[in-house]
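The values are calculated or read from the model by the stated rules, or taken from the named source; none is laboratory data. Note that the structure is predicted; figures quoted are calculated from it, not measured. Cβ atoms come from the backbone with ideal geometry, glycine included; neighbour counts cover every protein chain shown.
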Amino acid sequence: MTHLIVGIRGIKKELDDFITQLQGKYFKFKYRAKATDALQDTYVQCMVQPIQFFSIVFPKQCTDVALTTILGHEPPAPQHAWMEKFVWIIRKLLHLQPVPKFKTDQEMPIARNALQFIPIGIKEDELLMTDGVADPYVEGL
């Protein structure tokens, strides 16, 4: 099989529609059940396996419960050394801090089935000051 890795940016609903339609595409494929069998024509569904970055925003005082809800009780570590280097580069480019250790005594129910989480980093919004007066918060990224 061939894997095409692409970055996609756009309106979420349009992206969802594109992915749904792409998953509905089938490609002709030569297949043999056993090494001794003759090749047979079959069709395989186009597999879409997203690799996405999300900025998930929550109140600072809810950090522990938010991180436990999203990442689980033990933050996942990258599976390969090259992945750790990639995460470090992304973290530096986005001016993020490593995800801190967090308390896991509270968690909101959420489905995380068949998902792999790779924590990149965390950053608090910055308070914008104008003439010594705090303006509304400015988004962190």
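For the reader, a short list of remarks on this structure follows.
- Residue among 27, 58 that is assigned by TED's automatic domain parsing to the domain that holds residue 118 and among the aromatic types (Phe, Trp, Tyr): 58
- Looking only at the stretch 76-120, and only at residues there that are touching a residue at least 40 places away in the same chain (Cβ under 8 Å) and polar (S, T, N, Q), the one that is farthest from residue 66 (Cα to Cα): 116
- Residue 23, sole failed condition from (1) closer than 30 Å to residue 109 by Cα; (2) among the polar types (S, T, N, Q); (3) modelled with pLDDT under 90: (3)
- Residue within the stretch 38-52 that is aliphatic (A, V, I, L, M) and in contact with a strand residue (DSSP E or B) (Cβ under 8 Å, 6 or more places away or on another chain) present: yes
- Residue within the stretch 4-17 that is over 17 Å from the mean Cα position of the chain (by Cα) and surrounded by 11 or more Cβ atoms within 10 Å (Cβ to Cβ) present: yes
- When residue 83 is tested against (1) within 29 Å of residue 6 (Cβ to Cβ); (2) touching an Asp or Glu at 6+ places or on another chain (Cβ under 7 Å); (3) surrounded by 12 or more Cβ atoms within 10 Å (Cβ to Cβ), just one condition goes unmet, and that condition is (2).
- Every residue from the stretch 87-114 that is over 22 Å from residue 63 (Cβ atoms) and surrounded by 14 or more Cβ atoms within 10 Å (Cβ to Cβ): none
- Enumerated helices (runs of 4 or more DSSP H) restricted to the stretch 1-100, each holding at least 2 residues that are in contact with a helix residue (DSSP H, G or I) (Cβ under 8 Å, 6 or more places away or on another chain) and on the phi > 0 side of the Ramachandran plot: none
Every residue, every condition in (1) modelled with pLDDT under 90; (2) closer than 30 Å to residue 24 by Cβ; (3) of a type in the set (A, V, I, L, M, F, W, C), yes or no:
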residue: 44; (1), (2), (3): no, yes, yes
residue: 49; (1), (2), (3): yes, yes, no
residue: 55; (1), (2), (3): yes, yes, no
residue: 65; (1), (2), (3): no, no, yes
residue: 92; (1), (2), (3): no, no, no
residue: 111; (1), (2), (3): yes, yes, yes
residue: 116; (1), (2), (3): yes, yes, no
residue: 124; (1), (2), (3): yes, no, no
residue: 135; (1), (2), (3): yes, no, no
